[in-house]
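Notes follow the structure.
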Amino acid sequence: ERVARTLSKWSMPGGAWATVRWAIAGRSQKKLDGMLGGLASPPTGVVIADTSDEASLRAMSARTHVLMNATGPYRFYGEAVVSACIATTTDYCDLCGEPEFIDRCQLKHSDAARTAGVLVVHACAFDSVPADLGTLFTAMQFPPPALCAHADMYHVVSVEGSPPGASGHATTFRAAVHGFGGA
């Protein structure tokens with residue numbers, strides 16, 4: 001829902017994506033209709049698709065050039081979307097921060113994606129991008145012919161003025177529990 005709100009702001013006249021056509025998708029028309037009311041600018045489409053229905057995923061991914069998957073836990077709901085995108089030659093990106101899912105997709109789908117000419121890009125979110133940028137910066141500090149063989153990156157977030165107590169999203173919690181359980 002947060003991603004849809006951000007995209008709706010960007011797609012308003014004068015916004016960064018004012019000329020981009022975008023859609024929201026999900027398995028419940030009722031929930032999608034409820035989300036539409038909170039958007040600054042409506043999407044150009046609403047698509048019903050379910051990760052347990054391969055045909056609906058293929059129909060959804062065939063309607064676009066790039067599909068951004070913003071739902072998880074990806075270990076349960078992501079791979080079917082990746083497969084549908086490869087089958088319909090649609091580029092894919094997600095907000096995943098689940099290493100097990102990312103590794104599984106790379107091992108299972110990289111050859112098919114390469115053959116289809118499909119980009120599959122994981123980890124395009126807050127929990128991944130800062131560490132990736134820090135790693136890139138560190139590696140660039142080694143002028144040729146030197147090479148950076150290994151870099152460990154950590155980041156800490158401190159939010160001032162937030163309400164007391166921890167808060168988060170149930171999906172993030174489920175992903176973390178299953179991630180630690182599989183470690």
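The phi torsions of the stretch 7-22, fed into the Karplus equation with coefficients 6.51, -1.76 and 1.60 and a -60° offset, translate into couplings of 4, 5, 5, 5, 8, 5, x, x, x, 4, 10, 4, 9, 8, 8, 9 Hz, rounded to whole numbers, with Gly and Pro shown as x.
Between residue 53 and residue 106, what length comes free when the chain is fully extended (0.36 nm per residue of separation minus the Cα-Cα distance, one decimal in nm)?
Values: separation 53, 0.36 × 53 = 19.08 nm, distance 2.25 nm.
Stretched out fully, the residue 53 to residue 106 stretch lengthens by 16.8 nm.
Estimated at 0.36 nm per residue, the fully extended path between residue 119 and residue 147 surpasses their Cα-Cα distance by 7.4 nm.
If you roll a 1.4 angstrom probe over the protein chains with everything in place, what fraction of the accessible area of the stretch 13-70 belongs to carbon and sulfur, to the nearest %?
Details: 2010 of 3830 Å².
In the stretch 13-70, the share of accessible area belonging to carbon and sulfur is 52 percent.
Each residue, residue 27 and residue 132, gets one label point 7 Å from its Cα in the Cβ direction; the gap between the two is 2.8 nm. Separation of the stretch 76-144 and the stretch 1-53, taken as the distance between their Cα centroids, equals 23 angstrom. Listed by chain and number, the aspartates and glutamates whose C-alpha is less than 15 Å from the C-alpha of residue 30, apart from same-chain residues fewer than 8 away, are 1, 50.
Ligands, DNA and RNA aside, residue 105 has an accessible area near 0 Å² when probed at 1.4 Å.
The values are calculated or read from the model by the stated rules, or taken from the named source; none is laboratory data. The structure presented is a predicted model; accordingly, all values stated were derived computationally and were not measured. So basically every Cβ, Gly included, is an ideal-geometry build from the backbone, and we count neighbours across all protein chains shown. To get the accessible areas, we keep the full protein, side chains included, count just its heavy atoms, and leave off ligands, DNA and RNA. Shrake-Rupley method; radii C 1.70, N 1.55, O 1.52, S 1.80 Å.
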